[in-house]
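Everything below concerns the one structure shown next.
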Amino acid sequence: MTDRIELRGIEVLARHGVLEREKVEPQLFRVDLTVFLSLAAAARSDDLADTIDYGRLAQATHDLVESESHQLIETLAERVAQLVLAEPGVERVLVTIHKPDAPIPLQFEDVAVTVDRPR
């Protein structure tokens, strides 16, 4: 499947991490989604019912990341993948969780975990 919908940089303040302070103080997370599905019907019909409402998907992703708390962003990525795969027509999803403020005592740009899940 080569058709896809991409959502990049969904920003969420949330509490995920191993350290006690990460469980108390919210920090910034960014989520990228690449959703693989056929877009042929939507292209023909020009009807939202034939595709995924990416605004609704972005909000659902945001709400999940904000409301749950996990020690590992690997677990969080899996939970987001399950959410996306529950959508009708989705054949595969790539989920990347970015944790740019991870507590690493070195200068770095980003930490990210990506999972690739088929239906």
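The values are calculated or read from the model by the stated rules, or taken from the named source; none is laboratory data. Model, not experiment: these values are computed from the prediction. Counting neighbours? That spans all protein chains shown, and the Cβs are built from the backbone with ideal geometry, glycine included.
Tabulated data for the structure shown
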item	result
Residue among Leu72, Leu48, Leu37 that alone is surrounded by fewer than 17 Cβ atoms within 10 Å (Cβ to Cβ), touching a residue at least 24 places away in the same chain (Cβ under 8 Å) and out of contact with any strand residue (DSSP E or B) (no Cβ under 6 Å at 6 or more places or on another chain)	Leu72
Residue count for segment 56-90, restricted to those that are within 13 Å of Ile5 (Cβ to Cβ) and of a type in the set (Ser, Thr, Tyr)	1
Criterion (surrounded by 14 or more Cβ atoms within 10 Å (Cβ to Cβ), polar (S, T, N, Q) and assigned to a helix (DSSP H, G or I)) met by exactly one of Thr96, Thr61	Thr61
Within segment 16-34, tally of residues that are closer than 13 Å to Glu68 by Cα and surrounded by fewer than 18 Cβ atoms within 10 Å (Cβ to Cβ)	3
Residue match in segment 29-46 (condition: in contact with a helix residue (DSSP H, G or I) (Cβ under 7 Å, 6 or more places away or on another chain) and farther than 22 Å from Pro118 by Cα)	yes
Test: residue in segment 19-27 that is within 17 Å of Arg79 (Cα to Cα), out of contact with any Ser or Thr (no Cβ under 6 Å at 6 or more places or on another chain) and at pLDDT 95 or above	no
Check on Phe108, aromatic (Phe, Trp, Tyr), over 20 Å from Arg119 (Cβ atoms) and at pLDDT below 95	yes
Residue count, segment 75-93 (criterion: over 14 Å from Phe36 (Cα atoms) and either assigned to a loop (DSSP other than H, G, I, E, B) or touching a residue at least 40 places away in the same chain (Cβ under 8 Å) (or both))	2
So Val12, is it outside any helix (DSSP H, G or I), out of contact with any Ser or Thr (no Cβ under 7 Å at 6 or more places or on another chain) and closer than 23 Å to Arg119 by Cα	no
Those residues of segment 75-113 which are among the acidic types (Asp, Glu), farther than 19 Å from Glu22 by Cβ and in contact with a strand residue (DSSP E or B) (Cβ under 6 Å, 6 or more places away or on another chain), in sequence order	Glu91
